[in-house]
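Structure, as structure tokens:
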Ligand code: DAH
């Protein structure tokens, strides 16, 4: 082969090599093109071996051309590699991109928990009846949770609530409130009658969770204080609430009971909202559902907040929000409210 032929062979091979480098579509493809154009079996490598057969001058010229060819191919490879690198990075970023607009898809938007919805609805009904909404702390003192509610230390009625005490101050003086009734005391300390408040909130008891118990659950408390409030006002208010909240088919009844902070005291029942009084599994065939307790504010409770029981009268009630939510939706395990499985929560 003449040196002329050799040089044009090198130039052709280089041109062809650069074209193939530029045409490589991926980094992998580029790597194999690199082996083909610069590797041991590459055309240029064979040409280099042929240089030995040339005379010294021709070998120098051809050698220079060969070096330039290598440099040109290496430069083309480097260019193409950085282009393909950038492309691969952009592709990876696109794949890893988090679509943060997803939560704006109305079909997937979250909503309030069933218990929160129930509490909001209860508040709405009571506010519509002229009540205001009050709140109290979940960590309470013995005074508010028991003492001021006419449950002195060692009173057997303390056994009605399995109390969780907080390790703070003197033993058994600070606790997680076992009911929302302490808010009655706080409201009467803060405002003078007439009073009409409801106080929804979380309460705690030393209970093991099962299908009908949770150690943390929710109650809504009610308190009305004014002159000449009667048991008839209590019964009428609860009946008005019952029909407003559950609809006209559901009515209430009061059964004699005992609570230390009310006298007389009663259990507040409503017609079973599942069977409307016919008798079913939910109401244990009785036709009635027990919602909570109520009664006329005990004179000792008024005395604890410096209200004269000769002048002031009142009624109070308290019932469980969780149970109410479960009954309304026919859910038979209260633990569902805590497990937070979206497949359950999505249904409400
Ligand atoms: N605090 C009571 C409980 O947790 C419920 C209750 C009963 C509240 C009678 C009241 C009431 O306000 O008058 O068991």
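Every read-out reported here was derived from the displayed coordinates using simple, explicitly stated rules and does not represent laboratory data. All of these numbers come straight from a predicted model, not from anything done at the bench. Positions of Cβ are generated from backbone atoms using ideal geometry, with glycine treated the same way; all protein chains shown enter the neighbour counts.
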Compute the length gained on full extension between residue 49 and residue 210: take 0.36 nm times their separation in residues and subtract their Cα-Cα distance, giving the result in nm to one decimal. 49.3 nm
Quick one: helix 231-246 against the long Cα principal axis of the chain, what's the angle to the nearest 10°, folded into 0 to 90? 30
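Hull surface divided by four, with the convex hull built on the Cα atoms of region 14-90: how many nm²? Let's see the in-between values first.
Values: hull surface 19.4 nm².
Seen from a random direction, the Cα hull of region 14-90 projects 4.8 nm² on average.
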For helix 56-96, what angle does its Cα long axis make with the longest principal axis of the chain, in degrees from 0 to 90 and rounded to 10? 10
Based on the Cα coordinates of region 150-253, what is the per residue volume of their convex hull in Å³? 158
Round to the nearest 10 and give me the degree value, 0 to 90, for the angle of helix 3-23's Cα axis relative to the longest principal axis of the chain. 10
Translational diffusion coefficient (Stokes-Einstein; Kirkwood radius from C-alpha pairs) of region 114-345 at 37 °C, 0.692 mPa s, in µm²/s: 180
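In percent, how large is the relative contact order of the chain, given Cα pairs closer than 8 Å and 6 or more residues apart? Don't jump to the answer; show the numbers that get you there.
Working: 535 pairs, mean separation 47.5, N = 348.
Relative contact order here is 14 percent.
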Over region 1-147, one equal point on each Cα, no solvent: what is log10 I(q)/I(0) by the Debye formula at q = 0.13, 0.19 Å⁻¹? -0.78, -1.10
Cα centroid distance between region 1-77 and region 285-341, in Å? 92
At 222 nm, what helix-only mean residue ellipticity would the chain give, in deg cm²/dmol to the nearest 500, using -39500 (n - 2.57) for each DSSP H run of four or more? -13500 deg cm²/dmol
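For residue 286 and residue 338, what is the calculated FRET efficiency with R₀ set at 25 Å and r taken between the beta-carbons, to the nearest 0.05? Each step should come with its number before you reach the end.
Details: r = 28 Å, r/R0 = 1.10.
The formula returns an efficiency of 0.35 here.
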